[in-house]
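The values are calculated or read from the model by the stated rules, or taken from the named source; none is laboratory data. Note that this is a predicted model, so its numbers are computed, not measured. Ideal geometry is used to build each Cβ from the backbone, glycine not excepted, and the neighbour counts take in all protein chains shown. What goes into the accessible areas is simple: the full protein's heavy atoms, side chains included, and nothing from ligands, DNA or RNA. Shrake-Rupley method; radii C 1.70, N 1.55, O 1.52, S 1.80 Å.
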Amino acid sequence: MPRTVSVVIPVYNAQETIGKCLDSIIGQDYQPIEIIAINDGSTDDSLAVLQRYAATNANLVVIDTPNQGVSKTRDNAIAIATGEFLAFVDCDDYIDPDYVTTYMGQMDDNHDIVIGGWRRVDGQGKLMFERSLGGSEWESYINVYAWSKLYRRDFLVANNVQFLDYGIGEDVYFAFTTKAKHARVKIISYVGYTWTNNATSVSNTSHKGLNQNLDVLHLLGKINSLFQNKPELLRYYYRRFLVWWLLYSGRQATREEFLLEHRRVMAWIDDNRVRTSLTPFSPRLAGETLFERLSVFAFSALERFHLLGPFAFVYCKG
């Protein structure tokens, strides 16, 4: 008898996109699928769209709740899901028709999570980039999203794997919790998840500028507390993540704010003794793009030659 897969969709103000998302899941060539769509206090017509789909799709469970945020919404869905396996799809995104079949074909009794690649498109559906994975351990650090993965639900429940209820990095914390709990992971090259770039999404707006209400070190501290021994790849991940944080969020900051944040995050690295011995061009980082390697390399060069001040003067817009 085929094993059931629960597909979880947290929904917030997605009246324009949730139909395409649902169509892609309902149209899967794998059965049985349980679809759990949780309306997280939407203020548009998302709930009405969900209810229309539920009227003609018996496998769609619609739950309407006050706004709780994506972390609690996903955690609640894990608790009520009835499938042996579980997948997440964001309400702006969609999956290929063979998505569940492909992941289930790769899941076996020796694995708890199957991780695949993804593509990103703009609001008009134009391809921005595609990422196929080759199977290296580092690629499980690259893909720290909740989606483009298939999970064994019992593993998540038995290990109390939950999302961080914070405005940044809830997916990242979830992914590293599975690592800390020694999840058995399989990485596949298949690309069947489409991530839509939404310029008005929370992740694309709240992270711009050094938001005083979103402390990146709160996130990293939570992750660090999961590990008694810090793997070298984790140490490099911290370095890479903080470079991204400074370049992306610091773009809208003032020069002074940028430099202060840099000193603060580097002090955290030293205080927690998580400096990495890996360089951006280490073969252990198989799957890292040249652009990602060069970003960390160039930032390190700016630090080494004490050029962050002039760089911030030119780079920061605040």
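Compute a Gaussian network model of the chain, connecting alpha carbons closer than 10 Å, and tell me which residue from 249, 225, 140 fluctuates the most.
Looking only at 249, 225, 140, the biggest GNM fluctuation is shown by 225.
Do any of 186/230; 72/181; 126/230; 126/181 go past 31 Å between their Cα atoms, and which? Present the calculation step by step, with values, prior to reporting the outcome.
Values: 186/230 21 Å; 72/181 20 Å; 126/230 40 Å; 126/181 38 Å.
Violating the 31 Å Cα-Cα cut-off are 126/230; 126/181.
Once you keep just the Cα pairs under 8 angstrom separated by 6 or more residues, what percentage relative contact order results for segment 1-134? Each step should come with its number before you reach the end.
On the way: 227 pairs, mean separation 42.3, N = 134.
Result for segment 1-134 is 32 percent.
Multiply the residue gap between residue 20 and residue 84 by 0.36 nm, knock off their C-alpha separation, and tell me the result in nm, one decimal place.
So the chain would gain 20.5 nm between residue 20 and residue 84.
Considering only DSSP beta bridges with both partners in the chain, what is the antiparallel share in %, to the nearest 5?
Numbers: 11 of 35 bridges.
Once the DSSP bridges in the chain are tallied, antiparallel ones form about 30 percent.
Using the heavy atoms of the protein chains and a 1.4 angstrom probe, tell me the accessible area per residue for segment 40-111 in square angstrom.
For segment 40-111, the per-residue accessible area is 45 Å².
Given +1 on the Cβ of Lys and Arg, -1 on the Cβ of Asp and Glu, and no further charges, what dipole in debye does segment 186-318 carry about its Cα centre, rounded to the nearest 20? Walk me through the numbers before you get to the answer.
Details: 17 positive and 10 negative charges, 45 e Å.
Computed charge dipole of segment 186-318: roughly 220 debye.
Give the carbon-plus-sulfur fraction of the accessible surface of the chain in %, rounded to a whole number; probe 1.4 Å, heavy atoms of protein chains only.
For the chain, the apolar C and S fraction of the accessible surface comes to 53 percent.
About its Cα centre, what dipole magnitude does the chain give when the only charges are +1 on Lys and Arg Cβ and -1 on Asp and Glu Cβ, stated in debye to the nearest 20?
The calculated dipole for the chain is roughly 1160 debye.
What accessible surface, in Å², does a 1.4 Å probe find on residue 45, ignoring ligands, DNA and RNA and rounding to the nearest 10?
About 90 Å², ignoring ligands and nucleic acids.
Could you tell me which residue out of 14, 69, 80 lies farthest along the dipole of segment 1-94 toward its positive end? Charges go on the beta carbon: Lys and Arg +1, Asp and Glu -1, centred on the Cα centre.
About the Cα centre, the residue reaching furthest to the positive side is 80.
Taking the Cα centre as origin and putting +1 on Lys and Arg beta-carbons and -1 on Asp and Glu beta-carbons, what dipole magnitude results for segment 60-166, to the nearest 20 debye?
200 debye
Just to make sure I understand: if all protein chains stay in place, what is the order of 268, 244 by accessible area at 1.4 Å, largest first?
Numbers: 268 30, 244 105 Å².
Solvent-accessible surface, decreasing: 244, 268.
Please identify every one of the trypsin sites (Lys or Arg not before Pro) in segment 255-318 that sits in a loop by DSSP and has no more than 16 other beta carbons within 10 Å of its own beta carbon.
Taking segment 255-318 and a limit of 16 other Cβ atoms within 10 Å, the loop trypsin sites (Lys or Arg not before Pro) found are 273, 275, 317.
Projecting each Cα onto the charge dipole of the chain (Lys/Arg +1, Asp/Glu -1 at the beta carbon, about the Cα centre), which of 123, 173, 243 comes out farthest on the positive side?
Farthest towards the positive pole: 243.
So for segment 176-318, averaging the separation of alpha carbon pairs under 8 Å that are six or more residues apart and normalising by length, what relative contact order in percent results?
Relative CO of segment 176-318 lands at 29 percent.
Which FRET efficiency value, to the nearest 0.05, do you get for residue 63 and residue 154 by plugging their Cβ-Cβ distance into 1/(1 + (r/R0)^6) with R0 = 30 Å?
That gives a FRET efficiency of 0.85.
For Cα extents along the principal axes in Å, several values are listed as (i) 63, 43, 34; (ii) 110, 50, 29; (iii) 67, 46, 36; flag the one computed from this structure.
(i)
What figure, in Å² to the nearest 10, do you get for the accessible area of residue 139 with a 1.4 Å probe and non-protein molecules left out?
Residue 139 exposes around 10 Å² with every protein chain in place.
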